[in-house]
Amino acid sequence: MYEAYWGLKEKPFENTPDPRFLYRSPKHEEALTRLIYAIQERKGGAVMTGEFGSGKTVISRVLLDELDPVKYKLIYITNTQITAIEFLREIVRQLQNETPPFRKSDLLHILNEILQRNVDIGKDTVIIIDEAQLIADQRIFEELRMLLNFQWEKRFLLTLLLIGQPELREKINRIPQFKQRLPIRYHLTTLNAEETGKYIAHRLRVAGREEEIFDAEALELIHRQSKGCPREINNICDMALFIGFGKEVPRIGEEIVREVASDLGGRW
């Protein structure tokens, strides 16, 4: 609705995991680098945690885009509200695109065969589990630990990446044997004031606008209100652009951001 008014080709602040809009702050770049390192060096497992809306999922989508499908077989799981057996079945289903068996022994046998076959053809298997903090069945963590026992000639047959909110760390800490098999760990924190401004400018550029829209006072208030959380920054900026369009202002200033904050239930 407001794109043409602001000289944009598309909306810049949608809360969708579009890899084009990832602002590679030092924190996001570090998180992505560690995950790639875990995969390329076959470290077995890695964990990335962060608050809700901090950019974890979009990092995982960037990772999917950057990994060569010729070299890697990627499994991406977002539904973690299932049983341990259903979890294994989902992994096997994505690996072989066929209806998997129900018996655990059969699943593990097939899984081992597939992983070994992938190694033989020079393809590494990567399992990415998003929203892993929602895993309710503790036996799933035990099954994941057992998957890291699949090794051949001193190398892991798969790489396991767990992505989730901070409570995921607490669940992993309760299983020392599993934690030890996840040597790569990173906690993604929110953006500081300077990074918030660069984040907003980056998304505007991707959407087709080089010139600034938000003035310095507006950017300061956006950071304060959002606490540097990318999802909240998006919510505020999107509504600010909409209100600014309705008021036909040339730039977004402090007054409009305050109005948005009031509408969103913010306190000042």
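The values are calculated or read from the model by the stated rules, or taken from the named source; none is laboratory data. These figures come from a predicted structure and were not determined experimentally. Cβ placement follows ideal geometry from the backbone for every residue including glycine, while neighbour counts extend to all protein chains displayed.
Do we find a residue being part of a helix (DSSP H, G or I), closer than 30 Å to ILE39 by Cα and touching a Gly at 6+ places or on another chain (Cβ under 9 Å) anywhere in the range 206-223?
Checked the range 206-223: no residue is part of a helix (DSSP H, G or I), closer than 30 Å to ILE39 by Cα and touching a Gly at 6+ places or on another chain (Cβ under 9 Å).
Could you tell me which of the residues THR57, THR16, THR33, THR80 is touching a Gly at 6+ places or on another chain (Cβ under 9 Å) and of a type in the set (Ser, Thr, Tyr)?
On inspection, the qualifying residue turns out to be THR80.
Mind listing whichever residues of the range 156-174 are under 19 Å from ILE91 (Cβ atoms) and either over 22 Å from the mean Cα position of the chain (by Cα) or not assigned by TED's automatic domain parsing to the domain that holds ALA132 (or both)?
Within the range 156-174, PHE156, LEU157 qualify.
Out of (1) among the hydroxyl-bearing types (Ser, Thr, Tyr); (2) in contact (Cβ under 8 Å) with a residue 60 or more places away in the chain; (3) buried (at least 19 other Cβ atoms within 10 Å of the Cβ), the odd one out for THR189 is which?
Going through the list (1) among the hydroxyl-bearing types (Ser, Thr, Tyr); (2) in contact (Cβ under 8 Å) with a residue 60 or more places away in the chain; (3) buried (at least 19 other Cβ atoms within 10 Å of the Cβ), THR189 breaks only (3).
Would you mention how many residues in the range 25-38 are more than 15 Å from THR189 (Cβ to Cβ) and either touching a helix residue (DSSP H, G or I) at 6+ places or on another chain (Cβ under 7 Å) or surrounded by fewer than 22 Cβ atoms within 10 Å (Cβ to Cβ) (or both)?
Total meeting the criteria: 4.
Is it true that ILE236 is modelled with pLDDT of 95 or more, within 30 Å of GLN133 (Cβ to Cβ) and assigned by TED's automatic domain parsing to the domain that holds ILE135?
It is false that ILE236 is modelled with pLDDT of 95 or more, within 30 Å of GLN133 (Cβ to Cβ) and assigned by TED's automatic domain parsing to the domain that holds ILE135.
Residues to consider are PRO100, PRO176; find the one that is surrounded by fewer than 16 Cβ atoms within 10 Å (Cβ to Cβ) and either in contact (Cβ under 8 Å) with a residue 40 or more places away in the chain or of a type outside the set (Phe, Trp, Tyr) (or both).
Matching residue, one of PRO100, PRO176: PRO176.
Answer yes or no as to whether GLN94 is free of Cβ contacts under 8 Å to residues at least 24 places away in the same chain, farther than 18 Å from MET48 by Cα, surrounded by fewer than 20 Cβ atoms within 10 Å (Cβ to Cβ) and not acidic (Asp, Glu).
In short, yes.
Residue by residue, here is whether (1) assigned to a loop (DSSP other than H, G, I, E, B); (2) over 16 Å from ALA46 (Cβ atoms) holds:
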| position | (1), (2) |
| --- | --- |
| ASN149 | yes, yes |
| LEU161 | no, no |
| ARG169 | no, no |
| ILE172 | no, no |
| PHE178 | no, no |
| LEU182 | yes, no |
| TYR186 | no, no |
| THR190 | yes, yes |
| LYS198 | no, yes |
